[in-house]
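So the structure is just underneath, and the comments pick up after that.
The values are calculated or read from the model by the stated rules, or taken from the named source; none is laboratory data. The model shown is predicted, which means the values in this text are computed figures rather than measured ones. Positions of Cβ are generated from backbone atoms using ideal geometry, with glycine treated the same way; all protein chains shown enter the neighbour counts. All accessible areas refer to the heavy atoms of the entire protein, side chains included, with ligands and DNA or RNA removed. Shrake-Rupley method; radii C 1.70, N 1.55, O 1.52, S 1.80 Å.
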Amino acid sequence: MASPYNRIYNFSAGPCTLPVPVLEEAREDLLNYKGTGMSVMEMSHRSKQFGAIMAAAEADFRSLLGVPSHYRVLFLQGGASTQFAMVPMNFLQEGQIADYVTTGFWGAKALEAAHLVGLCRKVWDGKENNYNCVPDMQALEFDSTSAYIHFTSNETIQGVQFKSDPALVASLVCDMSSDILSRPVDIENYAMIYAGAQKNMGPAGVTVVVASEDFIESRADGIQPIFDYSQHAANDSMQNTPPCWSIYMCGLVYKHMLATGGVVAAQALCSARSSVLYAAIDGSGGFYRGHAAMDSRSMMNVTFSLPTEELSGTFAKEAEKAGLDGLKGHRALGGIRASIYNAFPLEGCVALADFMGEFAKRNG
Ligand code: PMP
């Protein structure tokens, strides 16, 4: 069936597909937001109208993830990469050590940033196995005095994902950039969660931070205010001009999610989408080889390779011509990566699985 806007299947790793009803609503509001005579892009962040947009976005996000009242929700800028630096600046103090579990490219980046701030321990590192699996967090040995434990719930490039929230007696900090809102989360297991918006929540430009009030208060003294979580919290994410448009768009996505079954429905869909693609890999008689170990397979980023890199290149090019866009794997891993976030249509996965079958027949 032709899409009403000639939209293609966009497998981009982020920014990526957003729900069509959300884009339609934004279009509707673009020139005159609800009778204000201006766009949200043109509105003062101190205005009553924007205040209401921000409050609704926060309330809906809280409702989606069941965020308890003693946790703050902040809308910050600088991407998840800024969080890589802010977390140790705030919580890795003189004489302390932070523990890092590194399951892929982004976790390694987070550790690199923390090393510049203070002492870190690599408790587990998947590099030796080319980051193809995640460990059992419960079985790892953490230092009981560590400042915090950092990990990445879903590694976007390698396509490996933790399936549940570790229950540890420690300050757990998680980068959930590429799987936030794709399943229910036990927020109280974490001291802090952060996620760039541009995969499951909205456009690029805003990073959502969820942190317990106690953790925020434990931050180091003397941090530049703009990097200080307690300052952002005290100013309700308005210490400086927030990314108004991105927050507004996230708000629309949250409303859309609430109206379509929330994170429980999102999880069922993620499972359905990824199952279609993993079945195509597993049923290909070895032509397609999945990168992730079975029990670590990501529901968001399905990574696989073909017999040669050259063939992977041909695959990506031919797929693009067939309306299946953005499949070339990240340069750090090669092969193919199908990113299938919350707003990605299931039919797109079926179309890709069909294409995979047909391509393997022609080239196998
Ligand atoms: N963490 C993860 C898991 C990511 O996927 C990304 C971006 N793809 C980042 C961090 C970095 O995010 P940003 O580009 O927003 O800084």
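Taking loop as defined by DSSP and a crowding limit of 12 other beta carbons within 10 Å, which chymotrypsin sites (Phe, Trp or Tyr not before Pro) in the range 190-233 fit? Intermediate results must be reported in sequence, preceding the final value.
Details: sites: 190, 194, 215, 227, 229; in loops: 190.
Counting only loop positions with at most 12 other Cβ atoms within 10 Å, none of the chymotrypsin sites (Phe, Trp or Tyr not before Pro) in the range 190-233 qualifies.
Do you know the relative contact order of the range 128-188, to the nearest whole percent, from alpha carbon pairs under 8 angstrom that are 6+ apart?
Working: 55 pairs, mean separation 22.6, N = 61.
Reported as a whole number, the value is 37 percent.
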Label-point gap, in nm, between residue 41 and residue 236 - each point 7 angstrom along Cα→Cβ: 2.6 nm
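Given a 1.4 Å probe, how much area per residue of the chain is accessible, in Å²? Could the numbers behind the result be given before it?
Working: 15760 Å² over 364 residues.
Value for the chain: 43 Å² per residue.
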Inter-probe distance in nm under a simple model that places probes 7 Å from Cα toward Cβ, at residue 48 and residue 314: 6.5 nm
Residues of type lysines that residue 122 reaches as a straight line, Cα spacing below 29 Å, ignoring anything fewer than 8 places off in the same chain: 109, 163, 199
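What does the charge count near residue 242 come to, summing +1 for each Lys or Arg and -1 for each Asp or Glu among other residues with Cβ under 14 Å from its Cβ?
-1
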Label-point gap, in nm, between residue 12 and residue 272 - each point 7 angstrom along Cα→Cβ: 2.5 nm
Two-site FRET efficiency, residue 168 against residue 119, from Cβ-Cβ distance with R₀ of 30 Å, rounded to 0.05: 0.90
Alpha-carbon spread of the chain, three principal axes, descending order, Å: 62, 57, 30
Length-normalised contact order of the range 162-214 in % [C-alpha pairs under 8 Å, at least 6 apart]: 32 percent
Within the accessible area of the range 248-299 (1.4 Å probe), percent carbon and sulfur: 63 percent
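Classify the range 99-226 as rounded, prolate or oblate from the Cα gyration tensor: take a ≥ b ≥ c as the square roots of its eigenvalues, call it rounded if a/c is under 1.5, otherwise prolate when a/b beats b/c and oblate if not. List each step's numbers first, then the result.
Details: a/c = 1.33, a/b = 1.07, b/c = 1.25.
Note, shape of the range 99-226 comes out rounded.
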With eigenvalues of the C-alpha gyration tensor scaled by 5 and rooted, the range 156-204, Å: 20, 12, 10
Karplus (6.51, -1.76, 1.60) ³J(HN,Hα), θ = phi - 60°, over the range 277-285, in Hz, Gly and Pro reported as x: 6, 5, 5, 5, 5, 5, x, 8, x
Integer Hz, Karplus 6.51/-1.76/1.60 couplings in order for the range 193-207, x for Gly and Pro: 10, 9, 7, x, 7, 6, 10, 9, 10, x, x, 5, x, 9, 10
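Quote the FRET efficiency, to the nearest 0.05, computed for residue 363 versus residue 295 with a Förster distance R0 of 30 Å and r equal to the Cβ-Cβ distance.
On the way: r = 30 Å, r/R0 = 0.98.
That pair, residue 363 with residue 295, gives E of 0.50.
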Whole-Hz ³J(HN,Hα) from phi, Karplus 6.51 cos²θ - 1.76 cosθ + 1.60, for the range 17-29, glycine and proline x: 3, 10, x, 4, x, 5, 5, 5, 5, 4, 4, 4, 8
Gaussian network model of the chain, Cα within-10 Å springs - most flexible of 218, 246, 339: 218
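Roughly how many debye, to the nearest 20, is the charge dipole of the range 1-141 about its Cα centre, given +1 on each Lys and Arg Cβ, -1 on each Asp and Glu Cβ, and no other charges?
Charge dipole of the range 1-141: 280 debye, to the nearest 20.
Output the relative contact order of the chain, whole-number percent, from Cα pairs under 8 angstrom with separation of 6+ residues. Before the final figure, lay out the partial values.
Numbers: 682 pairs, mean separation 82.2, N = 364.
Relative CO of the chain lands at 23 percent.
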Under 22 Å from the Cα of residue 321 - lysines, other chains or at least 8 residues apart: 361
C-alpha center-to-center spacing [the range 87-162, the range 1-58] in angstrom: 35 Å
